[in-house]
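Asks: Below is a structure I'd like to ask you about.
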């Protein structure tokens, strides 16, 4: 097995070590990886809980791996789509409620009203 030397304590370390077993210093950064389940979960959370999508977009957007960055971009996009759809649905709901109230109170007998 090919041994390396820790740059902090000068002890022998394995090439697979992430931390030095002697001094505990970080020797290398593990590559960030996402499983398919994590990606799908990120997309679902981004769409159904839009503020969380911003968190994932920023978190994954800062990574060096282009594939992971694209997951962050898609999370932001899904968040934006979800927010737009939510605003449209709120607007339609208000319009429908307003129409129902107008029909209800415009069809009342003379002299009655809401005020």
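Asks: Restricting to segment 18-33, give me the number of residues that are within 30 Å of residue 72 (Cβ to Cβ) and either loosely packed, with under 12 Cβ neighbours inside 10 Å or free of Cβ contacts under 8 Å to residues at least 12 places away in the same chain (or both).
Replies: 8
Asks: Considering only segment 72-92, I want to know if a residue exists there that is modelled with pLDDT under 90, surrounded by 10 or more Cβ atoms within 10 Å (Cβ to Cβ) and either under 17 Å from the mean Cα position of the chain (by Cα) or not in a helix (DSSP H, G or I) (or both).
Replies: For segment 72-92, residues modelled with pLDDT under 90, surrounded by 10 or more Cβ atoms within 10 Å (Cβ to Cβ) and either under 17 Å from the mean Cα position of the chain (by Cα) or not in a helix (DSSP H, G or I) (or both): absent.
Asks: Quick one: which of 96, 68, 45, 58 is loosely packed, with under 12 Cβ neighbours inside 10 Å, free of Cβ contacts under 8 Å to residues at least 40 places away in the same chain and not in a loop (DSSP other than H, G, I, E, B)?
Replies: 96
The values are calculated or read from the model by the stated rules, or taken from the named source; none is laboratory data. All figures in this text were calculated on a predicted structure; none of them were measured in a lab. Please note: Cβ atoms are built from the backbone with ideal geometry, for glycine as well, and neighbour counts cover all protein chains shown.
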